[in-house]
Amino acid sequence: METTKKCPHYKKCGGCQIHNLEYRDQLDFKMKKVVRLVGRFHHVEYIIGMDNPYHYRNKVQAAFGRDKQNRIISGVYQSSTHRIVPVDECLIEDKKADEIIVTIRKLLKSFKLKTFDDNRMTGFLRHVLVKRGFLSGEIMVVLVTGSEEFKSKRSFINALLSRHPEITTIVQNINNKRTSLVLGQKSIVLYGDGVIKEQLCGYTFTISPKAFYQINPVQTEVLYNKAMEFADIKKSDIVIDAYCGTGTIGIIASKYAGQVVGVELNKDAVKDAKKNAAINNIENINFVCADAGRYMVDIAYEGLKADVVIMDPPRAGSDVRFLKSLVKLSPRKVVYISCNPETLARDLMFLSKNKYKVRKIQPVDMFPHTEHIETVVMLTK
């Protein structure tokens, strides 16, 4: 396991909160936190770390602006501020993505294109988003602009491609709102087909500019394989993938199950999930656009059942309505994938008081050098 490399941006950026610790100490720090919060429910296995905890982010996002000398800069927002910390290379971001962003910054000057001014709501380039498939090698570049007008568009794209021929698609996203959101509603494909494909656990997934996809592909495989191990799905099982997003977990589970139902409230994510199932020729999975809790209550009232429920909620965890619906549906097994041990502890307390028992707990380090922790928990009735 590598010793921690020194980052010149550590004190200014704030993105890597525990970068000051050696990597083994980071794992110990996270392990203690998980044990403190959920250790009362069951023994916690030691956290699974990375052999090489650097340059793992397959999605890199850079804000563009100007410094006090009016020079174009690109980088990350300082933690809890709207101040840009100039970054050319980040120790946790994909190296190629960082190179592309630096090239775009240089091209802006060459083409006399302005960066966007959030205060005056004028200018052109606000952000650049780069997504790279680590296994497929495909690269998407999203230019987030304050207006649709793009001077010398074709020449700019050709110049970028001549310097980085590995780019497979370029998209212009227009965000002309006063908002903290990076992406706007409208996108225009400038080169390629507007999406990239990536492989995960033997399946192919389409990634669009707005699609959620786990940012650490190495540890995502570890996380999902552990979830499948805990689920121990039988060929006769009906599996519900709650908060299914673009369908990754449900599609992986379909290999073992009789039938899988993915439930997701975001209709765009459901569209992507259906496309992903079609790409992989999977016929025993169905995606439903609905609130997961409401859906499970409805099928329980109809007398239908689920044998296994896999849940991967956002950082806020599950709400009481969902947890009550889960108890009413009464699956044999629940696999809870959590990105926040605080809300995980709260939800496990509810389930533990309502006929479920925690059987296994496995933390996974998805985000080295940061405080974030992923944990997989298996519960049975």
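The values are calculated or read from the model by the stated rules, or taken from the named source; none is laboratory data. A quick note: this is a predicted structure, and the numbers were derived from the prediction, not measured. Note that each Cβ is placed from the backbone with ideal geometry, even for glycine, and that neighbours are counted across all protein chains shown.
Values for this structure:
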{"item": "Pairs where the first residue, in the stretch 7-30, is over 16 Å from Glu93 (Cβ atoms) and of a type in the set (D, E, K, R) and the second is surrounded by fewer than 15 Cβ atoms within 10 Å (Cβ to Cβ) and at pLDDT below 90, C-beta under 8 Å, 6+ apart", "result": "Glu22/Thr3; Arg24/Met1"}
{"item": "Hits in the stretch 202-219 (condition: modelled with pLDDT under 90 and among the aromatic types (Phe, Trp, Tyr))", "result": "Phe212, Tyr213"}
{"item": "Condition met for Val297 (among the β-branched types (Val, Ile, Thr), surrounded by 15 or more Cβ atoms within 10 Å (Cβ to Cβ) and either under 23 Å from Gln214 (Cβ atoms) or in contact with a Gly (Cβ under 6 Å, 6 or more places away or on another chain) (or both))", "result": "no"}
{"item": "Residue list for the stretch 242-274, filter: at pLDDT below 95, in a loop (DSSP other than H, G, I, E, B) and surrounded by fewer than 24 Cβ atoms within 10 Å (Cβ to Cβ)", "result": "Tyr243, Gly245, Leu265, Asn266"}
{"item": "Residue within the stretch 267-281 that is of a type in the set (A, V, I, L, M), under 22 Å from Lys324 (Cβ atoms) and under 22 Å from the mean Cα position of the chain (by Cα) present", "result": "no"}
{"item": "Scan of the stretch 291-320 for residues that are of a type in the set (Lys, Arg) and closer than 20 Å to Gly258 by Cα, ordered by number", "result": "Lys305"}
{"item": "Members of the stretch 324-363 that are out of contact with any strand residue (DSSP E or B) (no Cβ under 7 Å at 6 or more places or on another chain), hydrophobic (A, V, I, L, M, F, W, C) and at pLDDT 95 or above", "result": "Ala345, Met349, Phe350"}
{"item": "Test: Met311 is crowded, with 16+ Cβ neighbours inside 10 Å, touching a residue at least 40 places away in the same chain (Cβ under 8 Å) and farther than 16 Å from Val38 by Cα", "result": "yes"}
{"item": "Check on Arg105, of a type in the set (D, E, K, R), in contact with a helix residue (DSSP H, G or I) (Cβ under 9 Å, 6 or more places away or on another chain), surrounded by 18 or more Cβ atoms within 10 Å (Cβ to Cβ) and under 26 Å from Lys131 (Cβ atoms)", "result": "no"}
{"item": "Residue count for the stretch 19-45, restricted to those that are within 30 Å of Leu351 (Cβ to Cβ) and in a loop (DSSP other than H, G, I, E, B)", "result": "6"}
{"item": "Any hit, the stretch 180-195, residues being part of a loop (DSSP other than H, G, I, E, B), of a type in the set (Ser, Thr, Tyr), within 20 Å of the chain's Cα centre (by Cα) and farther than 17 Å from Ser74 by Cα", "result": "no"}
{"item": "The stretch 76-100, subset touching a Phe, Trp or Tyr at 6+ places or on another chain (Cβ under 9 Å) and in contact (Cβ under 8 Å) with a residue 24 or more places away in the chain, residue farthest from Arg132 (Cα to Cα)", "result": "Val85"}
{"item": "All positions within the stretch 276-294 that are of a type in the set (Gly, Ala, Ser) and surrounded by 13 or more Cβ atoms within 10 Å (Cβ to Cβ)", "result": "Ala277, Ala290, Ala292, Gly293"}
